[in-house]
Amino acid sequence: MVDTYDLIIIGAGPAGYTAGIYASRGGLKVLILSGKLPGGQLVNTTDVENYPGFDKGILGPDLMKIMRKQTENMGTTILDKTVIDVDFTKRPFKVSTSKETFIGKSAIICTGADPRKLGLEEEKTFSGRGVSYCALCDGPLFKDKELFVIGGGDAAMEEANFLTKFATKVHVVHRRDKLKASKAMQDKVFANKKIEFHWDSEVAGIKGDKMVDSIIIKNSKTNKETTLPTGGIFVSIGHVPNTVLFKDKVELDKMGYIALKESMQTSVPGVFAAGDVHDHTYRQAVTAAAYGCMAALEAERFLDKDN
Ligand code: NDP
């Protein structure tokens with residue numbers, strides 16, 4: 001016997017949980033399939049100081065535990081299983097794990113995005129211990145330190161500028177001799193006296209004991225390696241949306257994010273998306289949660305019309 005749900009939510013970050021809370025509270029029978037990392041990117045962060053409702057901040061994993069509990073309290077079924085296939089060609093939709101297939105009258109894709117990694121072994125070791133992928137989230141925790149930003153795009157430049165509010169100095173390490181960022185952004189960073197650029201350079205190593213204390217950068221033209229002391233490294237070399245599963249199932253944009261029509265709707269009626277899987281601009285827990293709310297309300301409207 002296959003279980004049929006009004007709504008299947010794929011992914012369990014702030015977007016997925018919030019969608020679950022709203023949809024279950026709205027009376028729908030809801031299943032969340034959480035995937036390999038229940039809680040999403042926030043499970044890999046430490047202090048979260050900018051999620052409203054926590055005056056002293058909260059640890060990312062704790063925030064996600066609370067969200068999960070709240071979602072379950074509303075009646076959502078959450079299974080820590082990974083979706084390996086979807087069939088959105090006709091309704092009801094089919095969502096499959098390696099062992100089971102679930103049936104959903106509607107679906108919300110909340111699979112998020114992962115920050116692109118440099119690919120160094122030490123990057124993993126020091127993630128959350130001086131290596132960060134979000135200056136807006138973690139920057140204020142690095143007061144009065146000398147910091148490094150890796151990347152040459154708009155996000156990296158925005159982060160470098162932002163970090164100068166807290167840091168004594170910000171170094172930008174970029175693999176080319178010119179930035180990819182827009183002219184306006186370049187004008188800003190070049191005018192900022194606290195930012196120093198290391199051109200044609202890549203990160204060759206990250207060192208430290210418990211926390212990062214130095215970075216090795218290598219100039220690709222001279223092959224010279226330099227070790228510099230640092231209190232924190234912000235990797236900002238783009239994001240990779242988790243959409244492999246949905247290629248040819250719903251429309252993606254040219255960067256691989258889910259392309260939305262109006263009202264959180266994907267190219268398939270009844271399939272919605274919420275959070276970093278479609279939003280490459282804001283990428284915040286609170287914005288993902290808000291998108292989750294909107295997608296759930298739209299799914300409810302869709303089902304009302306449909307029945
Ligand atoms: P981008 O893809 O624009 O830039 C990524 C940067 O990282 C590039 O400079 C790239 O180098 C570098 N890079 C990629 N892979 C590696 C690697 N393995 N090692 C070292 N460096 C690497 O991503 P962003 O996140 O900056 O921006 C995403 C989108 O969001 C863009 O369209 C951007 O314009 C937009 N955005 C706009 C903002 C604004 O307008 N305020 C703010 C933030 C983002 P290379 O230059 O060599 O390709």
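Read the figures in this text as sums done on the coordinates, not as results from a lab. Keep in mind it's a predicted model, so treat the numbers as computed, not measured. Every residue, glycine among them, receives a Cβ derived from its backbone with ideal geometry; neighbour counts consider all protein chains shown.
Taking 0.36 nm per residue of separation and subtracting the current Cα-Cα distance, fully stretching the chain between Ser214 and Lys305 would add 26.9 nm. Sparsely packed loop sites in segment 134-238 (the trypsin sites (Lys or Arg not before Pro) outside DSSP H, G, I, E and B with at most 12 other Cβ atoms within 10 Å) comprise Lys143, Lys165, Arg176, Lys178, Lys193, Lys210, Lys221, Lys224. Neighbour counts of other Cβ atoms within 10 Å put Cys110, Cys137 in the fewest-to-most order Cys137, Cys110. Restricted to Cα atoms, segment 117-235 shows a radius of gyration and a Dmax of 13.1, 39 angstrom.
When only alpha carbons are used to place a centre, segment 18-90 and segment 255-280 end up 18 Å from one another. Less than 5 angstrom separates the built amide H of Leu252 from those of Ala259, all sequence-distant by 5 or more or on a different chain. Write out the trypsin sites (Lys or Arg not before Pro) in segment 27-111 meeting two conditions: DSSP loop, and at most 10 other Cβ atoms within 10 Å of their Cβ. When the trypsin sites (Lys or Arg not before Pro) of segment 27-111 are filtered for loop state and at most 10 Cβ neighbours within 10 Å, Lys36, Lys56, Lys90, Lys99 remain.
Only helical runs count toward this figure. For the chain, summing -39,500 (n - 2.57) over DSSP H runs of n ≥ 4 and dividing by all residues gives -7500 deg cm²/dmol at 222 nm. Taking θ as phi - 60° and the Karplus parameters 6.51, -1.76 and 1.60, the scalar couplings of segment 152-162 work out to x, x, 4, 5, 4, 6, 4, 5, 4, 4, 4 Hz in sequence order, x denoting glycine and proline. The simple spin-label model puts a point 7 Å past each Cα toward its Cβ; for Asp248 and Phe54 those points are separated by 4.1 nm. Between amide H atoms placed 1.01 Å from N, distances below 5 Å from Val83 occur with Gly35, all of them 5 or more places distant or on a separate chain. In terms of surrounding Cβ atoms within a 10 Å radius of their Cβ, Met255, Met294 rank from fewest to most as Met255, Met294. Once both labels are positioned 7 Å from their Cα atoms along Cα-to-Cβ, the gap between Glu100 and Asp144 label points is 5.4 nm. With a Förster radius of 22 Å applied to the beta-carbon distance between Asp85 and Arg116, the computed FRET efficiency rounds to 0.30.
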